[in-house]
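Take a look at this one; I'll ask things after.
Derivation of every value follows stated rules applied to the coordinates shown; laboratory data play no part. Everything quoted here is computed from the prediction, not taken from an experiment. Reconstructed Cβ throughout: ideal geometry from the backbone, glycine too, with neighbour counts over all protein chains shown.
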Amino acid sequence: MAKAFVLGAVMLCGLGAGIVAPALAEDTIKIGYVDPLSGGGASIGQIGLNQLKFIADDVNGKGGVLGKKIEIIGYDNKLSPQVTLVQVQKAIDEGVQIIVQGNGSSVGAAVESFVTKYNERNPGKAVVYLNYAAIDPSMTNQNCSYWHFSWDANVDIKLEALTNFMKTKKDIKKVYLIDQDYSFGHSVADTTVAMLKEKRPDIQIVGNEFHPLVKVTDFSPYIAKIKASGADTVVTGNWGQDLALLVKAAGDAGLKVNWYTFYAGGSGGPTAIKQANLPDQVYQLTEGFNNLPYKPAQEVVRAYIARYKSEPIYYPRLFNLTGMVFEAMKEANSADPAKFAPKLEGMKYATFASGQEGFMRKDDHQFFQPLYMSVFGALDAASQPFDEESTGWGWKMAAEIPTKDTLYPTTCKMKRPN
Amino acid sequence: MSERTGAAPAFAAPPLPTGRGAGFLAIFGPWIAAAVLLAVLPQVLSSGLALSTLSLMGMMIIFALSYNMLLGQTGLLSFGQAVFFGLGGFLTVHAMNAFTADGPPLPLVALPLVGAAAGLFFGIVFGAVSTRRAGTTFAMITLGIGELVSSSALILRHFFGGEEGVSTDRTGLAPFLGLTFGSQLQVYYLISGWCFVSVAAMYALTRTPFGRICNAVRDNPHRVAFIGYDPQRVRFLSFSLSGLFAGIAGALAAINFEIMNAGQLGATQSGTVILMAFIGGVGSFGGPIIGAILVTYLQVALSDITDAWQLYFGLLFIAMVMFAPDGIAGLLARQQPLLRGRQLHRVLPAYALALVPGLAAVAGLSLAVEMTNRLTVHAGDGPAMSFLHVPLRADAIVPWLVAAILFAGGGWLFLRAAGVARQAYDEALAVVQGRGRTS
Amino acid sequence: MIEIVLISTLNGVLYGMLLFLMASGLTIIFSMMGVLNFAHASFYMLGAFFGFEISRRIGFWPGLVLAPLLVGLIGVAVERYGLRRVHRHGHVAELLFTFGLTFVIQEVVEMVWGKLPVDYRVPPSLDFPAFTIFATNYPAFKLFELLTALAIFAALLVVVTRTRIGLVVQAALTHPAMVAMLGHNVDRIFMLVFGVGAALAAVAGVIAGPALVTQSNMAALLGPILFVVVVIGGLGSLPGAFLASLLIGLVQTFAVASNASLADLLGPLAAGSGSSFLRDIWNVTVAQVAPIIPYLLLVLILIFRPRGLMGQRES
Amino acid sequence: MTPALELTDLRKSFGAMEIIRGVTLSVPAGERHAVIGPNGAGKSTLFHLISGHYRPSAGTIRLGGETISGMAPHLINRRGLSRSFQITNIFPRLSVWENVRCATLWAMGYRYSFWRNIERLADARQRTEEILTEINLLDRWHVPAGVLSYAEQRALEIGLSIAGNAEVLLLDEPTAGMSRAETERVVALIRRVSEKRTLLMIEHDMGVVFDLADRISVLVYGEILASDTPERVKANPAVQQAYLGLEAS
């Protein structure tokens, strides 16, 4: 056996030769994109990579940033925090100082904590983490880090905006909450209950349900419960299959309520809503959607969809993220995170989706922007050119929530490098 | 591999075991070599990634070996080994946080003991439930327990930290000999130290009365009862001890990543360890070590090369199950008698002959896979791509023809050559044995 | 109250029958070949995607026939060129072979159909509410699901217990040599059984595809629950699987309807007492854990009645 | 003196079928006792009952005066009863050496020890060597048991059952399927190993039975027809009619 041990070790040496970091190719600005690129999670991870490449091609076509080309390198993290950390290490070895990541709060928390510790333990080689989708509030509150910037509104901010919107809808009487049984679902439920109590004490919370994450095949019993409760509105943080099946079961059973969601626009959502035949009943809260009447964005979106026909989904916030980072680099005249990070703090920026102004709050590195309630249904072809997933239906404006109505205080006590 | 018990060829009887230790060097030599190797590896592979990967391999070696205590040594197919890995890790993380805040000044190096205790504890609890049965029933119980625990982990948010898990800072603990374990290098030495100790302990365990009875239970649990042993008790002990070592691996993961989350308890992690053990070879002690190193490497490196890595992985696994159920270690072990009988040179040309068309077939298959991938998953990047540094267009007919010819032709030639290689092996073996008998 | 009970029962039965539809092929393969087929859910997924592809070209009904045939052929090929070779290495190797197959099928599906859900629709001929109870609609497609499951159950039961081929197949499992001597081709029988099992999975896929979400991760999400059904029913017992499907369907549905928790039962925890860990357990409602109850049931059944509800043997 | 093995009105049914129908038998210590009977008489079932493989439906089994009926096989084994199987039942992937050594361990008091190096257990090694010499497999010690020849496996089977040094030995058709010469060797082996032990064996070969046994019990349809010395059994007309008559013809 000991022979096998030695043999294993020898093999390891052989393999190790392959692990040695490759020499740096050329002088580019490397952006490491660490998200799931294989397996189930890849359906969302690939979209971000496509989009970053699209942006990089565009910027490089115009001469790049600081005279250097932008290079996007994808690292497959298989949606596992542990694999992520190995991949981040790999990225750093390959000369990457900018990490972009979004999917999964578990992964986001791991990257934030890793980057913070790495910069502490390896002074002089700063690495920055640009977060485009992980929205656990702890990341910009108790666990906030100087080396982390967040472009998606976190749960608290989204709910602040959502409840501010609900405040104005007088026909809401009874609200039912259904969420996935994990930390995000609980954040949504707890915060909604607390905020509604404050802003609309007359609204009755008739149900507050949790179900295990991606384990439910049949949502009919839940729909029966919602129906029995007499709710007129359902608020849910569900995403992916849990949202699609929920909506489909509602359609099957003929449940007529309004749905307030965050992720109905995610892959499979529009198809499910169309199949369930729930026109103008499903709302989502995002930082932008295709049919927003803002010309520059629509042109870019058209070009993007033409290139990625099979996956025409994109995140407006990735445009904000890259745009702001490149601007900060230009201001600092350096692609070194230690130099450009201070420029990002407090930066004001006209958002991609609507051109309205947003800003990066210095206290917690959270980007604030106008948010939009949109509703899914049949389109007016002239003014609303974009449908979703070839359903013929698309997202339509329901309300704009201006930046000031999204502000939510932070508890972050930022430790800044000296 | 000395205790490999597969179909060993019939030599004239070697001298009986004497029980007296062989020479010091014969027993401890390989271990010393391994220790030295572990010590100098970071000098050779010093990049951050290499250290991270080596650390990962270290903990996976322990994990895979702990799994093989069940599958290979005791014949228990478990689908829930990650439960012990994960629970060991979670308790370690909590212990680290407790000791950081205000606890006894326990150094970080001692923390895997927490994982070991947790693994042992849960091994005893779940073992009492599951090991009352063997075979398929046992496998299904472990599947159920695995699902139960990983689902509960998301619901019990305070202990398991919800989706984002529980994080910690390993440098906050009392320093050990002045080491704070901030750098990956120090962590590597911590992990390799524990890896060495655990591997040695698990190896020693196979050479005890208990270890041998485990093998007997694997071979024929029914008969074991008639030589005085309770097979259920043997399974229970083996399961508990296996939990202990899995707990150590989990603790090392906690120390290395400074974060634990519910995914570490789940089916994916349990599946990975089965792959490691099986690809490496469950029939020998060293097999899972090889498997852990190889699979970890592939997981880290393969996804850089292709995002269809899971397909290659699945195909590799199926090929192993079909053609080499003893795993890599089993393949190597079969060459051992030839090596000892100095007949290896007879078969190497035949192996090489089979290797060339085999590689061609693999290349053909892989080319087809990559081109398909390009046309479907990466349609947005256009059909121009490169394969093995050869630029080509995925929508042209020629590359597809090439792929088809490589795959079909290579495959056919490989099957022919494999027959030749097998014959060469049999002949060489016959020569060795013939010589053995006459001597 | 009556409303909840009635609707929960109805939902439970419908869900249970969907489960049976998916698990029947798995049971058949196990009862006749002794192979626990991990790739069963993958065949189910293939059925759904083939059904989708055929239905958008020719229509749903041709898909219901053609997709299972295709998947059945794939099953036959898998048995003939893979499983048969592995058979001599024992059941663990067979199980691991099918385990590896799940990776390959998933990846192939992702390559061909992508990772996003596809728009697989209920056929227009069945896209209407069949009846309404307490203002809740029951779509015709769900009834179709139910009827198909019942028909498959009846047909399988007849084939396995009443026909010559069923008896030969069962005899082949315990006494392959004897059956071979009687002039039956055991290899071919096993091949056919595996093909039929795969085809049954595909039938479930074609039907469940439009009702659920047709996506490349659907196999991984479904896999474990099928084992629960088959094991609780008693490995290899068709009536057992039927009963277990119903049981799981009903238990789960009724659990969802219940909001009880330990706190309701025993009163809230005294303030300040107990750790946060304990509080988590204390406040979990039955509804919250409904979908993991089947796994608990699995573990309990295996401990106290390892041959399952109606199984003939332990393993 | 207490009999080594004592069965009292032992019964076993499978469903409605009663296979063992009230067997009462007493085997004094040191006796070599053979159980004969036609196929299907229940001989192997009787052994399975005594060794704990099956639970009796009714009746008691005493081993050295202590009731063992209903106990698990390993507990019975630890009380000094060991058995062999009609269908070879060994550890196929372990070497011959390990097969025998495993069978010695419990009796040597090593139990589930996971802290002792097995190679350092001098007494187990010595005992293993003795047994292997006894069953004439010493020069095959390193071979995996699964690749032994049939006769060798039968010898190993006996080796496994005697390794634990049990007081009472149950051998189920030890010579089945063997050639004349092999049978002779096995008979000599059984004679040697059953010195100072109590032996209960099932055997079809009448030559072996009359050669070895002190007493013979004839089991027909789950009942003991006669239990006596070989000569008296041979002379018993009921036995001759039921069993020996068939053999003689």
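Toward the positive end of the charge dipole of the stretch B:341-438, about the Cα centre and with charges on Cβ (Lys, Arg +1; Asp, Glu -1), which of B:377, B:428, B:394 goes farthest?
B:428
How large is the convex hull of the C-alpha atoms of the stretch B:266-325 per residue, in Å³?
Spread over its residues, the Cα hull of the stretch B:266-325 gives 79 Å³ apiece.
Relative to 2.2 N^0.38 Å, what does the C-alpha radius of gyration of the stretch C:2-304 come to as a ratio? Two decimals please.
Numbers: Rg = 21.2 Å, N = 303, 2.2 N^0.38 = 19.3 Å.
In units of the globular-protein estimate, the stretch C:2-304 measures up at 1.10.
To the nearest 500 deg cm²/dmol, what mean residue ellipticity at 222 nm is calculated for chain C from DSSP H runs of n ≥ 4 alone, each contributing -39,500 (n - 2.57), summed and divided by the residues?
Rounded to the nearest 500, it is -23500 deg cm²/dmol.
Now, a different point. Summing +1 for each Lys or Arg and -1 for each Asp or Glu, what net charge is found among the other residues whose Cβ lies under 11 Å from the Cβ of residue B:167?
Here the charged neighbours net out to -2.
Magnitude of the Cβ-charge dipole of chain A, K/R +1 and D/E -1, about the Cα centre, nearest 20 debye?
Once rounded to the nearest 20, the dipole reads 360 debye.
If I model chain A as equal point scatterers sitting on the Cα atoms and use the Debye formula, what is log10 I(q)/I(0) at q = 0.08, 0.10, 0.12 Å⁻¹?
Once normalised to I(0) and log-transformed, intensities are -0.46, -0.70, -0.99.
Still on this structure, please answer the following. Stokes-Einstein D for the protein assembly as shown at 37 °C, 0.692 mPa s, Kirkwood Rh over Cα pairs, in µm²/s? Could the numbers behind the result be given before it?
Values: Rh = 34.7 Å.
The Stokes-Einstein estimate is 95 µm²/s.
Can you give the alpha-carbon Rg of the stretch A:205-306 over 2.2 N^0.38 Å, where N counts its residues?
Here the answer is 1.19, to two decimals.
Just tell me which lysines come within less than 24 Å, Cα to Cα, of residue D:12; anything on the same chain fewer than 8 places away is out.
D:43
As a quick test, which of the pairs A:158/A:199; A:125/A:343; A:90/A:117; A:78/A:339; A:174/A:256 have an alpha carbon distance above 23 angstrom in this structure?
Over 23 Å apart, Cα to Cα: A:78/A:339.
Simple spin-label model, 7 Å along Cα-to-Cβ: residue A:167 to residue C:128 in nm?
Going by the 7 Å Cα→Cβ label model, 4.8 nm.
Now for a separate question. Mind checking the dipole of the stretch D:89-165: about its Cα centre, +1 per Lys or Arg Cβ, -1 per Asp or Glu Cβ, Debye to the nearest 20?
On the way: 9 positive and 9 negative charges, 61 e Å.
Dipole magnitude for the stretch D:89-165 comes out near 300 debye.
While we're here: Is the shape of the stretch B:28-324 best called rounded, prolate or oblate, per the rule: a/c under 1.5 gives rounded, else a/b larger than b/c gives prolate, else oblate, with a ≥ b ≥ c the square roots of the Cα gyration tensor eigenvalues?
rounded
Please compute the modelled spin-label separation between residue B:110 and residue C:6, points set 7 Å along Cα→Cβ, answer in nm with one decimal.
6.8 nm
How far apart, in nm, are the 7 Å Cα→Cβ label points at residue B:233 and residue D:57?
About 3.2 nm, to one decimal.
Right, next: So, counting K/R as plus one and D/E as minus one, what does the shell of residues with Cβ under 13 Å around residue B:231 add up to? Mind showing how you got there, number by number?
Working: positive: B:132, B:133, B:218, B:223, B:233, B:235; negative: B:219, B:230.
Residues near residue B:231 contribute +4 overall.
Using the Cα atoms as the points, what is the convex hull volume per residue of chain D in Å³?
It comes to 135 Å³ per residue, whole-number rounded.
Something else about it: Helix-derived [θ] at 222 nm for chain A: sum -39500 (n - 2.57) over DSSP H runs of at least 4, divide by residue count, nearest 500?
-13000 deg cm²/dmol
Also, quick follow-up: Can you tell which of A:307, A:121, A:361 shows the greatest fluctuation in a Gaussian network model of chain A with Cα springs below 10 Å?
A:121
Given Cβ point charges of +1 (Lys, Arg) and -1 (Asp, Glu) and nothing else, what value in debye, to the nearest 20, does the dipole of the stretch A:236-296 about its Cα centre take? It would help to have the intermediate numbers written out before the result.
Working: 4 positive and 4 negative charges, 28 e Å.
Roughly 140 debye for the stretch A:236-296.
With an 8 Å cut-off on Cα pairs and a minimum separation of 6 or more residues, tell me the relative contact order of chain D in percent.
27 percent
Name the aspartates and glutamates eligible as straight-distance cross-link partners of residue A:309: C-alpha to C-alpha under 15 Å, and not fewer than 8 places from it in the same chain.
Filter leaves A:387, A:388, A:389, B:381.
Return A:73, B:213, A:47 ranked ascending by Cβ neighbour count within 10 Å, so the fewest neighbours appear first. Please list the in-between numbers first.
Details: A:73 18, B:213 30, A:47 24.
In increasing order of surrounding Cβ atoms, one gets A:73, A:47, B:213.
Could you sort out which of A:197/A:404; A:197/A:248; A:169/A:215 sit more than 24 Å apart by Cα distance in this structure?
A:197/A:248; A:169/A:215
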